[in-house]
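The values are calculated or read from the model by the stated rules, or taken from the named source; none is laboratory data. Quantities reported herein were computed from a predicted structural model and do not represent experimental measurements. A quick note on method: Cβ atoms are made from the backbone with ideal geometry, for glycine too, and the neighbour counts reach across all protein chains shown. To get the accessible areas, we keep the full protein, side chains included, count just its heavy atoms, and leave off ligands, DNA and RNA. Shrake-Rupley method; radii C 1.70, N 1.55, O 1.52, S 1.80 Å.
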Protein chains: 2
Amino acid sequence: MRVAAIQIACQEGPEGNLEKAAEWVAKAADQGAQVICLPELFRSHYFCQSEDASLFDLAESVPGPTTERLGAVAKEKGVVVLAPVFERRAPGIYHNALALLNERGEMAGLYRKMHIPDDPGFYEKFYFTPGDLGFKAFDTLFGRIGTLICWDQWYPEGARLTALQGAAIIFYPTAIGWHPQEKAEHGAAQHDAWRTVQRGHAIANGVYVAAVNRIGFEPAPDGDGGIEFWGRSFIADPQGVILAEASTNQEEILVADVDLRHLESIRRNWPFLRDRRIDAYGGIEQRWL
Amino acid sequence: MRVAAIQIACQEGPEGNLEKAAEWVAKAADQGAQVICLPELFRSHYFCQSEDASLFDLAESVPGPTTERLGAVAKEKGVVVLAPVFERRAPGIYHNALALLNERGEMAGLYRKMHIPDDPGFYEKFYFTPGDLGFKAFDTLFGRIGTLICWDQWYPEGARLTALQGAAIIFYPTAIGWHPQEKAEHGAAQHDAWRTVQRGHAIANGVYVAAVNRIGFEPAPDGDGGIEFWGRSFIADPQGVILAEASTNQEEILVADVDLRHLESIRRNWPFLRDRRIDAYGGIEQRWL
């Protein structure tokens, strides 16, 4: 299974981004990629920098325009596309979601972001109802994959529950960046923690991990600051070894191979899944012990 | 709370190591350390390189000689000591355990290693009954701490369940090293994965982490190979930042401060514990989904 992470900048409005995404998916397919993932909420600027009820207009039905357009590319190129989408499920129920489009262009799966952040400049709890589909892995023509989204990447439980469903790789479409006023002091540690915790999921679970971020500076709607998306998309192997890593500021396609023999070799030599103490993990379902 | 990780080499037999450990604990206390952790099974060579029933003679009762000797140092210096011990609980029931000795020299807590490995040269399943005390955190005079042992360090569940009990720092006494014949090809990736997954636990849980390893080459009993313990003990902060890190081959005391204001600041700015989906984690108690 050859996978691709597409790291792009996103324009403010929705139309240009969809065409751009379609072009980049086609380009990745032409490079031999079979499962291609776009960044979180790629159809617009990251609108969660403010709480503005009119921005729910950016949401769309699923299936809908995004899955149709990218489904057409998936079918044309015979590839699987992971398409993040701002899902309008019902008036008042919106999700930060990801649609799986198979090589026939059909919508073959849906994941709804389970862990919803809410921090200054990342006001996602205003927009997104937490996912109610649970953690997911999907069979594709090319292999079994798992899907999580951005804030999920900080939760070992999400990675574990996805890996236990047999995913060989976990995709994390993402929109993460620096607040310019924090970057000098905290930027390096923030990026390193983000990369480290996801490499940790790869190691603990013996799975490949692909983090797919956007780039570019997007100003805050009130003109005060904004977010500098840090790019640095990467693909790691089941031992946490970085196979491919992007820059902080260039649009790029990362391509890597998911090798099931390598995955099995790692899990044979580091048999973590064998020794889990499933009799003693009940407290995980508590808030605090 | 000022903590110390004691990285030492261990001699083959038990007596010299106990006196040496007592000396190093005293030295760490003299450097201002308040909670001091020794490496896993420090009282002998790492005997699990072979399966030999006579080596159960190395086990001892708990409380017993190790807790008495180190309790005396703890009392003399007014410090807390985390003392790994090969526990003889009953004929046929032995544990890889850790005793908590408080500043009055009393045994104030016991943790029994929950995840037991078994790999070539690390035949622990022959010697150790898996722990039945669950995951633990303990109040001490200096702060609340958590204890896990070696192989536990690969399990996000262990770190999570320890952190959820309010530990500000998780100690991982360890005996991990390279097989000489693998070191050139795999050594760097093995060490990096070990360091990364534990830094990941620090990040995901907003806790300090201290990994306490031994150093030295210990030949296999059959004369064929052995283990080169890789040292590299470290202490990381709640963002995974390395505060102190030891060499691969020197006996050293690592000292660092656990700052509860810093811990709370990290958890306020990265509020991962707030958003856990405890309604959706039930599958963690399954072997495979």
Completion exercise
Taking segment B:203-223 and keeping only residues that are open to solvent by 10 Å² or more (accessible area, probe 1.4 Å) and aliphatic (A, V, I, L, M), one is left with B:Ile215, B:Ala220
Completion exercise
With criteria (1) open to solvent by 30 Å² or more (accessible area, probe 1.4 Å); (2) more than 18 Å from the chain's Cα centre (by Cα), A:Glu251 comes up short on (2)
Completion exercise
Of (1) at pLDDT 95 or above; (2) on the phi < 0 side of the Ramachandran plot, A:Gln181 satisfies every one except (1)
Exercise for the section: Considering only segment A:113-168, state which residues are touching a residue at least 24 places away in the same chain (Cβ under 8 Å), among the charged types (D, E, K, R) and under 24 Å from B:Ile284 (Cβ atoms). Expected result: A:Lys113, A:Lys136, A:Arg144, A:Asp152, A:Glu157, A:Arg160
Fill in the blank from the handout: Selection over segment B:56-92 where residues are over 14 Å from B:Leu110 (Cβ atoms), open to solvent by 10 Å² or more (accessible area, probe 1.4 Å) and touching a strand residue (DSSP E or B) at 6+ places or on another chain (Cβ under 8 Å) yields a count of 3
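To keep it simple, each residue is scored yes or no on (1) among the aliphatic types (A, V, I, L, M); (2) more than 19 Å from the chain's Cα centre (by Cα); (3) farther than 25 Å from B:Ile169 by Cβ.
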residue: B:Ile8; (1), (2), (3): yes, no, no
residue: B:Gly13; (1), (2), (3): no, yes, yes
residue: B:Asp30; (1), (2), (3): no, yes, no
residue: B:Phe42; (1), (2), (3): no, no, no
residue: B:Ser61; (1), (2), (3): no, yes, yes
residue: B:Thr66; (1), (2), (3): no, no, no
Practice task
Would you be able to tell me the number of residues in segment B:27-54 that are in contact with a strand residue (DSSP E or B) (Cβ under 9 Å, 6 or more places away or on another chain), open to solvent by 10 Å² or more (accessible area, probe 1.4 Å) and among the hydrophobic types (A, V, I, L, M, F, W, C)?
Solution key: 2
Exercise for the section: State whether the residues of segment A:102-112 include one that is without any contact (Cβ under 8 Å) to a residue 40 or more places away in the chain, facing chain B (nearest Cβ under 10 Å) and buried (at least 20 other Cβ atoms within 10 Å of the Cβ). Expected result: no
Handout entry: When residues of segment A:228-243 are limited to those that are within 14 Å of chain B (Cβ to nearest Cβ) and assigned to a strand (DSSP E or B), the one nearest to A:Pro120 (Cα to Cα)
Key = A:Phe234
Exercise for the section: Show the residue pairs that are 6+ apart or on different chains and have beta-carbon atoms under 6 Å apart, the first residue being within segment A:185-207 and without any contact (Cβ under 8 Å) to a residue 40 or more places away in the chain, the second being hydroxyl-bearing (Ser, Thr, Tyr). Expected result: A:Thr196/B:Thr196
Fill in the blank from the handout: With the first residue restricted to segment A:257-275 and required to be farther than 20 Å from A:Ile242 by Cα, and the second required to be charged (D, E, K, R) and not in a helix (DSSP H, G or I), Cβ contacts under 9 Å at 6 or more apart or on different chains are A:Pro271/B:Asp118; A:Pro271/B:Asp119; A:Leu273/B:Arg287; A:Arg274/B:Asp118; A:Asp275/B:Asp118
Exercise for the section: Tell me which residues, restricted to segment B:263-272, are surrounded by fewer than 16 Cβ atoms within 10 Å (Cβ to Cβ) and over 17 Å from A:Phe122 (Cα atoms). Expected result: B:Glu264, B:Ser265
Handout entry: Which numbered condition A:Arg287 misses (of (1) touching a strand residue (DSSP E or B) at 6+ places or on another chain (Cβ under 8 Å); (2) farther than 23 Å from A:Gln34 by Cα; (3) open to solvent by 60 Å² or more (accessible area, probe 1.4 Å))
Key = (1)
Practice task
State whether the residues of segment B:224-235 include one that is over 24 Å from B:Ala21 (Cα atoms) and buried (at least 21 other Cβ atoms within 10 Å of the Cβ).
Solution key: no
Problem - In segment A:135-164, residue nearest to the other protein chains (Cβ to nearest Cβ) [restricted to those that are among the aromatic types (Phe, Trp, Tyr) and under 25 Å from A:Gln190 (Cβ atoms)] - result: A:Trp154
Exercise for the section: Report whether or not B:Gly200 is within 14 Å of chain A (Cβ to nearest Cβ) and crowded, with 24+ Cβ neighbours inside 10 Å. Expected result: yes
Handout entry: Single residue of segment B:244-289 satisfying the filter (among the aliphatic types (A, V, I, L, M) and assigned to a strand (DSSP E or B)) that is farthest from the other protein chains (Cβ to nearest Cβ)
Key = B:Ile253
Completion exercise
Filtering segment B:14-26 down to residues that are surrounded by fewer than 24 Cβ atoms within 10 Å (Cβ to Cβ) and in contact with a strand residue (DSSP E or B) (Cβ under 8 Å, 6 or more places away or on another chain) yields B:Trp24
Fill in the blank from the handout: When B:Phe171 is run through (1) among the aromatic types (Phe, Trp, Tyr); (2) within 17 Å of B:Ala33 (Cα to Cα); (3) within 13 Å of chain A (Cβ to nearest Cβ), the failure sits at (3)
